[in-house]
Every structure is written in C-alpha cells, then in structure tokens.
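The values are calculated or read from the model by the stated rules, or taken from the named source; none is laboratory data. Just so it is clear, the structure is predicted and the values come from calculations on it, not from any experiment. When we count neighbours, we look across all protein chains shown, and the Cβ atoms used for this are built from the backbone with ideal geometry, even at glycine.
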C-alpha cells in the first residue's frame, strides 16, 4: 500500500517539520500514523516530499524529510465544464473526475440545470466542490490539485469564450456522430470538455459552443448520467494521451 498523501501550503525547506492543523489532526488522530511510518507531502502545484514520522503528538506529527521531488504539470490540460447538477451528483462527478486526472473543473449554469447557484449559496456550493476535489486528490496521491475555476455559475457565453481560446473543445452529446475515441487531439494547450446537466444540453447551447469552435462527440450507444459522463470521457482522453 502506498504512503498516504497530505497537502500543505508550502513544502518544508529544512529536513524536519511538524505537521499540524487539519492535516496533522487527520494524520495523527484519524489515520493514526505512528513513529517510523512514511507519508507524502504535496503542495498541490507539483512539489512533493517523502517523510518519516519521528514523533506523534496530540493532533500533530513530527517528521523527517527523506526525499524531495517534482511532478511536471500534465500536457495538454484537461478542463471539464460541468453542468450544475442537483443533490450530490455534482460532488460525485468532481470526486471521480479528480481521481481519474482532471486538471480544472468549471461549474456551468446550463439552461436545464435544476439547481441554481446564486449569491451566497453559489459561493458555498463552489467551495464544497473545491473541498471535494482536495480530498479526492489526496486519496488519489496527486501532486497537482485540480482547480475549481470561474464564478460559481459560469454563463454559457463565458464558457463559449473559454472554448474559443482552447486548443480543442468537445461537447458530449447523445446525438453526435463523431466518437470521442476518434476525435483529433492537440499535443499541447487546453482541451475543454463540456458535460451537460441532468436534462441535457439545449440546441441553443450546442450552437453557441460549436460556433466558438467546439465539436459535438459521443461516448457510445448509451446515455450516461451527468455524474458519470465526464469521468468516462476523461478515461478515454487519459488513455489516448498516454497519461495511463
């Protein structure tokens, strides 16, 4: 079993440190790490450090750094524009997409999104997505923490502008003829993938995105839920880009 990973704001510059705060509490109290056990530290921006526990305190661990490393950011970047979903489906999507390698997630207020992220509610919901991505990144031992970007409820017009600046963009659509498995992929830049909400993407939204440069694509013969479509598409892209 691989060593557990904990996220820190900055990696230690010396050979020893005390891991405190929420991460230290989780390591010492929840995971019950003991003297001599190994763990990983990551700053969420590619930097990593392996360490061994030298002492266990109340909600904190004393550590000795044994090695340091850096993981290059994946190229091209994988950005998923996720239609806001009701209930916990959005969080399920964020969790699974983080585990399979998404680099950025953009909440999108699609025309058929049942949930509305306005005002303080939107800020809290977006923060929940960011917290979900953080915990999933730790579980997946990721050196890079995915970004939950944009406003809590990015508009279709804003998403179209993001598509226009991407190296490639695809809209998952059940009526598309081109399979994602055959779509041409860039070697660098940003690949934007649009996933609709439970009710799907409207014709007007498809038109706006295709006019901005996106291509409608399909995954297969079946219609997937909003909480699984992005995950499946990322698996296809990760395989084709040799990330896996």
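Residue count for region 109-134 satisfying the condition of being in contact (Cβ under 8 Å) with a residue 24 or more places away in the chain and within 21 Å of residue 98 (Cα to Cα): 10. Kindly indicate whether residue 145 is surrounded by fewer than 20 Cβ atoms within 10 Å (Cβ to Cβ), touching a residue at least 60 places away in the same chain (Cβ under 8 Å) and either in contact with a strand residue (DSSP E or B) (Cβ under 8 Å, 6 or more places away or on another chain) or over 30 Å from residue 69 (Cβ atoms) (or both). No: the conditions fail for residue 145. Would a scan of region 135-142 turn up a residue that is over 30 Å from residue 11 (Cα atoms) and in contact with a strand residue (DSSP E or B) (Cβ under 8 Å, 6 or more places away or on another chain)? Checking region 135-142: not a single residue is over 30 Å from residue 11 (Cα atoms) and in contact with a strand residue (DSSP E or B) (Cβ under 8 Å, 6 or more places away or on another chain).
Is it fair to say residue 158 is under 15 Å from residue 79 (Cα atoms) and either free of Cβ contacts under 8 Å to residues at least 60 places away in the same chain or assigned by TED's automatic domain parsing to the domain that holds residue 105 (or both)?
Details: under 15 Å from residue 79 (Cα atoms): yes; either free of Cβ contacts under 8 Å to residues at least 60 places away in the same chain or assigned by TED's automatic domain parsing to the domain that holds residue 105 (or both): yes.
Answer is yes for this residue.
Looking only at residues that are surrounded by 13 or more Cβ atoms within 10 Å (Cβ to Cβ) and touching a helix residue (DSSP H, G or I) at 6+ places or on another chain (Cβ under 9 Å) in region 46-62, which one is farthest from residue 195 (Cα to Cα)? Here the residue is 56. When region 204-224 is limited to residues that are at pLDDT 95 or above and more than 13 Å from residue 176 (Cβ to Cβ), the one that is surrounded by the most Cβ atoms within 10 Å (Cβ to Cβ) turns out to be 205.
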